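So the structure is just underneath, and the comments pick up after that.
The values are calculated or read from the model by the stated rules, or taken from the named source; none is laboratory data. Given the structure is predicted, the values throughout are model-derived calculations rather than measurements. So basically every Cβ, Gly included, is an ideal-geometry build from the backbone, and we count neighbours across all protein chains shown.
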Amino acid sequence: CIQSVDLYQEAEYVLNEALESQNTMRQYVIQELQNKIENKFICQTCGASYKHKRNWTRHMKFECGLEPQYSCILCSKRFTRNSTLIRHVNTHHQFT
C-alpha cells in the first residue's frame, strides 16, 4: 500500500533526525564537560571559568559583579575592559 510506504519513509526520516539530534547533543555535552575539566579556575560568584589563574584573577578584581566602566561613544555599548572596547570600535566602527 502506498500510504504505508509513505508512513514508513516518514517514520524513518523522523527517527534519523532524532538520532542525529541526539548525537549532536551528546557531542555538545562531552565538549562542555571537557571545557569544565580544562578550565580549573572557576568564579564562585558567576560561574565563569578560566584555564589560567591570571585571567581568573583579573576577572575577580575588575569584572565580576562590577558595572562596565568603558562605553563606546559611537553606540553606547559598555565593556568591563578598555581592550575589549578598543577591539569593539576597530571591529564595528572602523572608518576607512
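General remarks:
- Residue check, Ser21 closer than 29 Å to His92 by Cβ and among the small types (Gly, Ala, Ser): no
- Cβ-Cβ contacts under 6 Å between residues 6 or more apart (or on different chains), taken from a first residue in region 70-85 that is within 19 Å of Arg58 (Cα to Cα) to a second residue that is of a type in the set (Gly, Ala, Ser), are listed as Arg78/Ser71.
- Where helices (runs of 4 or more DSSP H) fall wholly inside the chain, the ranges with 3 or more residues that are β-branched (Val, Ile, Thr) and loosely packed, with under 11 Cβ neighbours inside 10 Å are 2-38.
- Which listed residue is modelled with pLDDT of 90 or more and under 19 Å from the mean Cα position of the chain (by Cα), from Thr24, Thr57, Thr84: Thr84
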